[in-house]
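Q: Structure in structure tokens, see below.
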Amino acid sequence: MFQAELPPCDLVMAAVRNRFCQKASWLVQCRNIHTSLVQEKAKTGAEQIWLARQKKDPYVKAAREQNYRCRSAYKLLEIDTEQKLLKPGLHVIDCGAAPGAWSQVLIEKVNSLGQDPTASVGYVLGVDLLHISPLDGAVFLSKCDLTDPATHQKIVSLLPSGKADAILSDMAPNASGFRELDHHRLASMCLSLLDLAAIVLQPGGNFLCKVWDGSETNPIRDRLRQRFQHVKTVKPKASRTDSAEIYLLAKSYKEIQSSHR
């Protein structure tokens with residue numbers, strides 16, 4: 001297309017504008033680079049410490065190699081090896097199931113896929129406030145609050161015969177940064193699972209829940225002793241030594257005697 005030749009003064013102004021735009025573009029690029037560097041520098045704190053720890057963690061490496069969704073699988077594996085909680089044919093509720101590592105262990109242990117044709121076939125029901133990606137051998141209730149009685153009713157409707165042989169919980173609230181507050185929030189969540197146990201747990205059933213050790217731990221133990229024959233504290237090696245998390249294990253749920261004859 002034909003373009004009219006610009007007068008000399010307009011040519012000068014056009015050159016100045018081009019130069020200015022090039023300079024502005026360069027400044028924007030510099031600012032973006034600076035912003036990126038600042039953001040990268042911000043990662044040198046807690047995030048980089050966490051990443052470095054993950055790289056060195058043998059359980060993280062083992063989880064990748066054995067296709068577990070996260071390292072927490074080894075906490076349950078160790079607890080089960082020592083305490084003999086799981087066997088084929090059990091119906092189990094995995095509370096706080098996301099991302100699904102405990103459910104992966106449970107599927108294997110209770111034979112919910114029928115992988116061992118000579119053993120009883122179990123059932124795994126995972127529940128979490130977060131989304132849980134599907135797993136063959138497990139039924140998931142995602143985006144459900146385990147402290148809500150409505151969730152308890154959903155659980156009953158999904159359990160074969162409405163009953164479970166074990167309730168296991170690795171759930172925890174999002175950390176607020178205030179240790180005592182987080183401790184109380186997790187303790188409250190654990191107590192809500194005792195309400196669930198009163199509805200669905202078979203007599204003789206087992207209960208395992210994570211707590212962050214603190215002032216509410218003993219009251220929870222006392223509540224468990226009222227409802228179970230045996231109560232103990234366990235801390236698997238896969239649980240980091242600098243973590244306040246412990247697990248309260250309660251075995252042999254007592255059948256609640258009705259006051260009406």
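Q: Taking the Cα of Glu245, stepping 7 Å toward and past its beta carbon, and measuring to each backbone N in the range 94-118: which are under 14 Å?
A: Zone members listed by number: 95-103.
Q: Taking H placed 1.01 Å from N in the peptide plane, check which residues at least 5 places from Arg71 or on another chain put their amide H under 5 Å from its amide H.
A: For Arg71, no residues qualify.
Q: Can you compute the radius of gyration and Dmax for the range 138-183, using only the Cα atoms, both in Å?
A: When restricted to Cα atoms, the range 138-183 yields Rg and Dmax of 13.7, 42 Å.
Q: How much of Ser176 can a 1.4 Å solvent probe reach, expressed as accessible area in Å² and rounded to 10?
A: Ignoring ligands and nucleic acids, Ser176 comes out at about 50 Å².
Q: Compute the distance in nm between two label points, each set 7 Å from the Cα along the Cα-to-Cβ direction, one at Ile199 and one at Asn174.
A: Using points 7 Å along Cα→Cβ, the separation is 2.5 nm.
Q: Moving on to the next point. I need the phi-derived Karplus couplings for the range 166-176: 6.51 cos²θ - 1.76 cosθ + 1.60, θ = phi - 60°, integer Hz, Gly and Pro marked x.
A: Taking θ as phi minus 60°, the curve returns 7, 10, 10, 9, 10, 6, 7, x, 4, 5, 8 Hz for the range 166-176.
Q: Give Lys75/Lys143; Lys56/Lys154; Lys154/Lys237; Lys56/Lys251; Lys56/Lys254; Lys61/Lys163 a once-over and call out the pairs whose C-alpha atoms are over 32 Å from each other.
A: Checking Cα-Cα distances, Lys56/Lys154; Lys154/Lys237; Lys56/Lys251; Lys56/Lys254; Lys61/Lys163 exceed 32 Å.
Q: Right, next: Run the quick spin-label model on Val234 and Leu191: label points 7 Å from Cα toward the beta carbon, then report their separation in nm to one decimal.
A: For the pair Val234/Leu191, the computed spacing is 2.5 nm.
Q: Moving on. Each residue of the range 213-221 in turn: what ³J(HN,Hα) in whole Hz from Karplus with 6.51, -1.76, 1.60 and θ = phi - 60°, glycine and Pro shown as x?
A: 4, x, 5, 8, 5, 5, x, 5, 4
The values are calculated or read from the model by the stated rules, or taken from the named source; none is laboratory data. Computed from a predicted structure; not experimentally measured. Cβ: placed from backbone, ideal geometry, glycine included. Neighbour counts: every protein chain shown. Ligands, DNA and RNA are excluded from the accessible area calculation, which covers all protein heavy atoms including side chains. Shrake-Rupley method; radii C 1.70, N 1.55, O 1.52, S 1.80 Å.
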